[in-house]
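What follows is a short report on a single structure.
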Amino acid sequence: MAIIKATNIRKVYQMGDLETVALDGVSFSIDKGEFVAIMGPSGSGKSTLMHILGALDIPTSGSYVLDGHEVSKLTDDELADIRNKKIGFIFQAFNLLPRISALGNVMLPMRYAGIPYEQRIETAKKYLTMVGLENRMGHTSNQLSGGQQQRVAIARGLSMNPAILLADEPTGNIASAQAEEVMKIFQDVNDREGHTIVMITHEPDIAAHSKRIIHVKDGKIISDVKNKQRRIK
Amino acid sequence: MTLKTNREELNSMELLQESLLTLTLNKLRTGLAMLGIVIGIGSVIALISLGQATQQQVANQIQSLGANLLTVSPGGQSTGAVRGAQGSGTTLTLDDANGILTSPQITTIDNVSPETTSRAQVTTGQTNTNVQVIGVTDAYSTVHKTNVSEGTFISKSDVTGLRKVAVVGPQVVTDLFNGEDPIGKTIRINGQTLTIIGVTESKGGTGFLNQDDIVFVPLSTAQKQLFGQNYLSSISVEAKSPDVMEQARDEVGYYLLARHKISDPTQADFSIFSQEDILNTASSVTGTFTALLSGIAAISLLVGGIGIMNIMLVSVTERTREIGLRKALGAKKNIIVSQFLIESVILTLIGGAIGMVIGIIISFAIASLAKLPVVISPEAILLAVGVSGGIGIIFGWYPARRAAGLQPIEALRYE
């Protein structure tokens, strides 16, 4: 069953008289349990695609169905709800709240969902242990390395048990050894837990860890292939 | 349902904790933002309590003149467009005063004190002073609750015997006798030598209300020997109780109208005041001053509020990425709005509390310097809390809306 169904998505930015077409009729679907890498050079429209897939923005036209919900016509607050419940974000710059602990960061989306405090703590501890940070739960982000911060972000992304884990250049800001660790966690949660992962990257090395690679260029999909030479950690 | 309430309580507790954490991060800025509110609330509280203290002091002084006192003054008569000045008339006589006391139609009064007031130079030979000289009967001390600290007050026989005696106020003792015991000594007024038989207790007061800078003489002596006039400056009437003041005023008024053969009350050649009238006039004057001063202080509150708004706007800009992230993770608009509103309300409430304490300290300091009573009204404190909270909401609203309106993509991209 398709967890993501994008049909003929267009996104046009209007700047004065100038129209910029960022996405020009993109259609694809992603099934539950897939691990997809979206690749493309800068300006290809992959960031715009990530924003739409992440319900951070809505398409100019076309339809985007996420886990049975039509997302393209929602209001700001409804989008916030969809992001909270269906999407686990992992950003290039980690985007942890400074000053609060790893545990507090992982608990944040659950707080916005209105989950009781005890349950939040329990869940946050479970996912932090899963990403190997059981001894770092009380650390704030400036006490953690880049790789560790990204692992906190993964735990946060998983905490709501979302329909998809959406990663935007997840290894862009961390050293290569730690990048490998992050990819190993991605493969673990994908293989063992069955989480669907959509990862945007421009690094072929990183994309090589996925099961399927979609290439985007000039706002269009130019190739969509199964990754036969998958790198397994 | 209970679970949901608990959950919301927990959430607001966490929001509160988070806001406090954010505010303590930049202590200098938080302090400066609060300062405007501290100064505003502090000056409002200090000025309100100062105003109320003045009001109360004036009221106390007027009350000390006698709570159920009516004062009949001559004048108040209009001749065409000209209205005679209060107290300048010559229409009240001793017979009027005796008539008020003895008339069977007047049932609500206890005592009547006819009085004649003049200013005169009083000398002892070495020194002299210009004071108020009041001709009185023995009724004066009862009606005005004037007691002597030494000697005796003017008696009935002093009045009938036209005796050359005087009772002086403590200020006169200080001015003329350097505070020495003046009983038995003499003073001269308008060429007449008077023997001092008593000193009144201090009643305090300043300026026109100074009740200590006074010389009392027998009414008959004042009229016939000192000033050569047979009319009265005023008649003080003591009502039986404060409850019958209105009735006493009517009875005395109609009696005097009849005696003076005046049929139209608007043409009366006298006027009657109660202490309450004077009190109301004085309170309305001091009340206006209080309102004026508080109004000026309120402007500093407004400026303080704008300061809060400014700081909150800076804070929104600085935390654009944080807001973007929170929205990306599922924070709805009202969560962001309440987060920023709570911060600004905490700022103004703490500022208001500090301002309140400072305002109260200032009130105590001024009160002890100016020898005023300290009045801290609960209304002023409620006002301070309400106003500072309100300022937090009003001036925090725009920055909070602005934060909540940020688009998550733009906000996350913000450097």
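Would you be able to tell me the number of residues in segment A:173-185 that are part of a loop (DSSP other than H, G, I, E, B), surrounded by fewer than 17 Cβ atoms within 10 Å (Cβ to Cβ) and among the hydrophobic types (A, V, I, L, M, F, W, C)?
Residues meeting the conditions: 1.
Out of segment A:122-133, which residues are surrounded by fewer than 16 Cβ atoms within 10 Å (Cβ to Cβ) and outside any loop (DSSP other than H, G, I, E, B)?
Result: A:GLU122, A:LYS126, A:THR129.
Look at segment A:213-227 and say how many of its residues are surrounded by fewer than 19 Cβ atoms within 10 Å (Cβ to Cβ) and either touching a residue at least 24 places away in the same chain (Cβ under 8 Å) or among the aromatic types (Phe, Trp, Tyr) (or both).
6
Looking at B:VAL168, B:VAL133, which is the one that is modelled with pLDDT of 90 or more, more than 29 Å from B:VAL252 (Cα to Cα) and under 31 Å from the mean Cα position of the chain (by Cα)?
B:VAL168
Does A:PRO170 qualify as being closer than 16 Å to B:ALA328 by Cβ and surrounded by fewer than 23 Cβ atoms within 10 Å (Cβ to Cβ)?
Against the criterion (closer than 16 Å to B:ALA328 by Cβ and surrounded by fewer than 23 Cβ atoms within 10 Å (Cβ to Cβ)), A:PRO170 does not qualify.
Are any of the residues in segment B:359-367 under 30 Å from B:LEU313 (Cβ atoms) and touching a residue at least 60 places away in the same chain (Cβ under 8 Å)?
yes
Which of (1) more than 20 Å from A:PRO162 (Cβ to Cβ); (2) of a type outside the set (Asp, Glu); (3) more than 10 Å from every other protein chain (Cβ to nearest Cβ); (4) in contact (Cβ under 8 Å) with a residue 12 or more places away in the chain is the odd one out, the single condition A:GLY33 does not satisfy?
Failing condition for A:GLY33: (1).
Just the residues that are more than 7 Å from every other protein chain (Cβ to nearest Cβ) and in a loop (DSSP other than H, G, I, E, B), please, taken from segment A:92-102.
A:GLN92, A:ALA93, A:PHE94, A:LEU96, A:PRO98, A:ILE100
Considering only residues that are surrounded by fewer than 16 Cβ atoms within 10 Å (Cβ to Cβ) and modelled with pLDDT of 90 or more, look in segment B:395-413 and name the one that is nearest to the other protein chains (Cβ to nearest Cβ). Quick ask: steps written out before the conclusion?
Within segment B:395-413, the first condition is being surrounded by fewer than 16 Cβ atoms within 10 Å (Cβ to Cβ), and the residues that meet it are B:398, B:401, B:405, B:407, B:410, B:413.
Add one more test, that the residue is modelled with pLDDT of 90 or more, and what stays is B:398, B:401, B:405.
Values: B:TYR398: 18, B:ARG401: 13, B:GLY405: 9 Å.
The qualifying residue nearest to the other protein chains (Cβ to nearest Cβ) is B:GLY405.
Quick one: which of B:THR317, B:THR288 is within 30 Å of B:ILE409 (Cα to Cα) and free of Cβ contacts under 8 Å to residues at least 60 places away in the same chain? Break it down stepwise before answering.
Values: B:THR288 fails: within 30 Å of B:ILE409 (Cα to Cα).
Only one candidate passes the filter, namely B:THR317.
From the list B:SER294, B:SER300, which residue is in a helix (DSSP H, G or I), under 18 Å from the mean Cα position of the chain (by Cα) and more than 14 Å from chain A (Cβ to nearest Cβ)?
Residue meeting the stated conditions: B:SER294.
Among the numbered conditions (1) crowded, with 20+ Cβ neighbours inside 10 Å; (2) of a type in the set (S, T, N, Q); (3) farther than 22 Å from B:THR124 by Cβ, tell me where B:SER241 comes up short.
Just one mismatch for B:SER241, condition (1).
Could you check B:GLU115 against (1) modelled with pLDDT of 90 or more; (2) part of a loop (DSSP other than H, G, I, E, B); (3) closer than 25 Å to B:GLN247 by Cα; (4) charged (D, E, K, R) and say which number it fails?
(2)
Filter segment A:82-91 down to the residues that are more than 9 Å from chain B (Cβ to nearest Cβ) and either in contact with a Ser or Thr (Cβ under 7 Å, 6 or more places away or on another chain) or part of a helix (DSSP H, G or I) (or both) and list them by number.
Hit for segment A:82-91 is A:LYS86, nothing else.
For segment B:244-278, what are the residues that are among the hydrophobic types (A, V, I, L, M, F, W, C) and either closer than 20 Å to B:PRO114 by Cα or buried (at least 18 other Cβ atoms within 10 Å of the Cβ) (or both)?
Hits for segment B:244-278 are B:MET245, B:ALA248, B:VAL252, B:LEU256, B:LEU257, B:ALA258, B:ALA268, B:PHE270, B:ILE272, B:PHE273, B:ILE278.
Would you mind stating whether A:GLY62 is surrounded by fewer than 15 Cβ atoms within 10 Å (Cβ to Cβ) and either touching a Cys at 6+ places or on another chain (Cβ under 8 Å) or not in a helix (DSSP H, G or I) (or both)?
When the stated conditions are applied, A:GLY62 does not pass them.
Among the residues of segment B:319-366, write down those that are over 30 Å from B:GLN52 (Cβ atoms), surrounded by 24 or more Cβ atoms within 10 Å (Cβ to Cβ) and away from chain A (no Cβ under 14 Å).
B:PHE340, B:GLU343, B:SER344, listed by residue number.
Cβ contacts < 6 Å: first residue more than 8 Å from chain B (Cβ to nearest Cβ) and over 16 Å from A:ARG151 (Cβ atoms), restricted to segment A:103-126; second residue in a helix (DSSP H, G or I) and hydrophobic (A, V, I, L, M, F, W, C), any location; separation 6+ or different chain. Result?
A:ARG120/A:MET107; A:ARG120/A:MET110
If you check B:GLY31, B:GLY40, which single one turns out to be surrounded by fewer than 21 Cβ atoms within 10 Å (Cβ to Cβ), at pLDDT 85 or above and in a helix (DSSP H, G or I)?
Testing whether each residue is surrounded by fewer than 21 Cβ atoms within 10 Å (Cβ to Cβ), at pLDDT 85 or above and in a helix (DSSP H, G or I) leaves just B:GLY31.
Within segment A:134-148, is there a residue that is modelled with pLDDT under 90, part of a helix (DSSP H, G or I) and farther than 25 Å from B:ILE409 by Cα?
No: zero hits.
Condition (residue is within 16 Å of A:ILE197 (Cα to Cα), part of a loop (DSSP other than H, G, I, E, B) and touching a helix residue (DSSP H, G or I) at 6+ places or on another chain (Cβ under 9 Å)) applied to segment A:1-19: is it met by at least one residue?
no
Counting just the residues of segment A:56-81 that are more than 15 Å from A:THR196 (Cβ to Cβ) and among the aliphatic types (A, V, I, L, M), which one comes out farthest from the other protein chains (Cβ to nearest Cβ)?
By that ranking, first place goes to A:VAL71.
The values are calculated or read from the model by the stated rules, or taken from the named source; none is laboratory data. This structure is a prediction, so every number in the text was calculated from the model and none was measured. Here the Cβ is made from the backbone with ideal geometry for all residues, glycine too, and neighbour counts use every protein chain on show.
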